[in-house]
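Throughout, read-outs are computed from the coordinates displayed, never taken from laboratory work. Computed from a predicted structure; not experimentally measured. Cβ coordinates were reconstructed from backbone atoms using ideal geometry, including for glycine residues, and neighbour counts include every protein chain displayed.
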Amino acid sequence: MDSKFGLRSFSIVMTLLLTMAPKLQAELTTVEHAPNSDGSISFLVIGDWGRRGLYNQSQVALQMGRIGEKMDIDFVVSTGDNIYDNGMKSIDDPVFQLSFTNIYTSPSLQKPWYLVLGNHDYRGDVEAQLSPILKSMESRWICMRSFIVDAEVAELFFVDTTPFVDAYFIHPEDQTYDWRGVSPRESYLQTILTELEMSLRESRANWKIVVGHHAIKSASIHGNTKELESLLLPILEANKVDLYVNGHDHCLQHISTSQSPIQFLTSGGGSKAWRGYYNWSKPEDMKFFYDGQGFMSVKVTRTEMNVVFYDVSGNILHKWNTSKMLYTDFAFPM
């Protein structure tokens, strides 16, 4: 199958299905996470990390602990590829303890971890990472396919992006993916997009953040994910999403284009990095690019958002902030 023709045809079909979909109440699972007394939340973002401490994973974890303590973070977000190279073999796979429990030991990281799945996670036993048994073994671990974290001042919408990518189905090469719970694919994707669109539309949070594994826009080796540009991006733009945060490419980057109000942030430097690849034709859109290991922090208040990128030594590489008014901040005469 020609990949361009396949993507175009699939996009048309999905658009028609979404148009025809009944307007039902959103059914994405929502996790309530209370904000601080001043209404703020703060969290770290890490992606592409689970390598038994190797490739500087332990060093990144150490700095995450230090920054997490300074910020007094509320939780950690993982952008996927939680366990390399081929996910977990079973619920009892020791790789979980070796790559997670034994690595992120700092007191400040003993907070909830909200995780999405990456393509490497799908190469193993997906149900193991999603299992409530795993959560009973490690209470920090909150991993679902697509879900919402409602922190009042902000809502984080986690999207299972791996099933969107045609190549994993059409040209899997020598890899085997665990598609239990995904097939039939078209119906699965329709459900995600419909429920996400309704959830975003119904959200009253001042800040909307969407988290997925695959990049919508990236200058690194994987580049833009065409399926997400076609199917996901229009929904995010129509519903005034502030950030799209991803991993997949093993780097840190911030892209902001004149064509979209969304900030595209990559935090995929949790372990193996330094790929030596960069391809972006519009330098004015690239606000920051670092082809190395590190992580990201986000702090959100009622009216301000602050994002910081750090390297493997905890050095600040890039900062970005913005502000917005709340509707309740406007005084309307009676």
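Worth a mention:
- Charge tally in the Cβ shell below 10 Å around GLY269, where Lys, Arg are +1 and Asp, Glu are -1, GLY269 excluded: -3
- Gain in span if fully extended, GLU152 to SER58, counting 0.36 nm per residue against the direct Cα distance: 30.6 nm
- The alpha-carbon of LYS324 sits under 14 angstrom from the alpha-carbons of these aspartates and glutamates, leaving out residues fewer than 8 places away in its chain: ASP242, GLU304.
- Cα-Cα over 26 Å, subset of LYS217/LYS299; LYS272/LYS319; LYS89/LYS208; LYS135/LYS240: LYS89/LYS208; LYS135/LYS240
- Inter-label distance, nm, simple model (7 Å from Cα along the C-beta direction), SER258/GLN97: 5.7 nm
- Cα centroid separation, region 145-166 to region 204-246 (Å): 10 Å
- For a label point 7 Å along the Cα-to-beta-carbon line of TYR278, residues of region 239-269 with backbone N under 14 Å: 251-255
- Option label - Cα extents along the principal axes in Å computed here, alternatives [x] 59, 50, 37; [y] 63, 51, 44; [z] 59, 51, 44: [y]
- Distance in nm between pseudo-label sites at LEU317 and ALA167 (7 Å out along the Cβ direction from Cα): 2.2 nm
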